[in-house]
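Structure, as structure tokens:
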Amino acid sequence: MPDRSAFQYTILRVVPSIERGERMNVGVALLCPQRKFVGARVALDEARLAALAPGLDPAQVRPALEAIVAVAEGDPAAGPLARLSPSERFGWLAAPASTIIQPSAIHTGLCKDPAQTLEHLFTSLVLTE
């Protein structure tokens, strides 16, 4: 296997109101087909969410975020989507959606360790502290 492998990632965002165009990064999903890796990390900063959308209950957002992680990990409890190949699961996670959780455009890069790269992207793009 080569030293570095190509990967794709998408930033997962909460978009409480399409009309207002405001959004908050809440996760990252990453695919590295060469290493058969797909993963997602999510975190919901409730204080930031309350500032962005005071009427939105975090309990309405959390199940969708948990489902995204379960599908990425191939968790059987996530249903038929979790049984798809890594590339198909990532395709589902990165597909444009009209729900409150929306993916960004897909970005690419090269990495040695996709799990470490996912963690770095998550820390850089989602965590605020």
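The values are calculated or read from the model by the stated rules, or taken from the named source; none is laboratory data. Predicted, not measured: the structure shown is a model, and the values here were computed from it. Because the Cβ atoms are built from the backbone with ideal geometry, glycine has one as well, and the counts that use them run over all protein chains shown. Heavy atoms of the whole protein, side chains included, go into the accessibility calculation; ligands, DNA and RNA do not. Shrake-Rupley method; radii C 1.70, N 1.55, O 1.52, S 1.80 Å.
Pull out all pairs, ordered by first then second residue, where Cβ-Cβ is under 8 Å, the residues are six or more apart or on different chains, the first lies in the range 113-129 and is of a type in the set (Phe, Trp, Tyr), and the second is open to solvent by 70 Å² or more (accessible area, probe 1.4 Å) and not in a loop (DSSP other than H, G, I, E, B).
That search, which allows pairs on different chains as well, returns Phe122/Arg41.
Would you check which residues across the range 89-111 are over 12 Å from the mean Cα position of the chain (by Cα) and either of a type in the set (Ser, Thr, Tyr) or at pLDDT below 95 (or both) and list them?
Once the filter is applied, which keeps residues that are over 12 Å from the mean Cα position of the chain (by Cα) and either of a type in the set (Ser, Thr, Tyr) or at pLDDT below 95 (or both), the range 89-111 yields Pro96, Ala97, Ser98, Thr99, Ile100, Thr108.
Can you find a residue that is surrounded by 14 or more Cβ atoms within 10 Å (Cβ to Cβ) and of a type in the set (Lys, Arg) anywhere in the range 94-117?
No, because not a single residue in the range 94-117 is surrounded by 14 or more Cβ atoms within 10 Å (Cβ to Cβ) and of a type in the set (Lys, Arg).
Anything in the range 16-65 that is in a helix (DSSP H, G or I), closer than 18 Å to Ala78 by Cα, open to solvent by 30 Å² or more (accessible area, probe 1.4 Å) and not basic (Lys, Arg)? List them, or say none.
Gln60, Pro63, Ala64
Using the structure shown, decide if Ala72 is of a type in the set (A, V, I, L, M, F, W, C) and more than 18 Å from Leu12 (Cβ to Cβ).
Against the criterion (of a type in the set (A, V, I, L, M, F, W, C) and more than 18 Å from Leu12 (Cβ to Cβ)), Ala72 does not qualify.
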